[in-house]
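Data first, discussion second: the structure below is written as C-alpha cells.
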Amino acid sequence: MDERQRLKELLLEKSYREGTFTLTSGKTSDFYIDGKQTTLDAEGSYL
C-alpha cells in the first residue's frame, strides 16, 4: 500500500464523522472532517 492510500485510510478512520453538524458559518453539514485528529497521530503526522 502506498503512503497516499494509507493517509486516506487514516483520515477516514480518525477524522471523518457522519451526523448533523453546525459549521461556524451557521450552515449545517451531514459530515465533518477534523484533520487535527490525523495530524496528531504519529503515523498521520509522518504521512
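The values are calculated or read from the model by the stated rules, or taken from the named source; none is laboratory data. Please read all numbers here as calculations on a predicted model, not as lab measurements. As a convention, Cβ positions derive from the backbone with ideal geometry for all residues, glycine included, and neighbour counts pool all protein chains shown.
Here is a list of conditions, (1) in contact with a Ser or Thr (Cβ under 7 Å, 6 or more places away or on another chain); (2) at pLDDT below 95, and residue 1 meets all of them except one; can you say which number that is?
Every condition holds for residue 1 apart from (1).
Each row is one residue, and each column tells you yes or no for (1) in contact with a strand residue (DSSP E or B) (Cβ under 9 Å, 6 or more places away or on another chain); (2) of a type in the set (Val, Ile, Thr).
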| site | (1), (2) |
| --- | --- |
| 1 | no, no |
| 4 | no, no |
| 9 | no, no |
| 17 | yes, no |
| 24 | no, yes |
| 38 | no, yes |
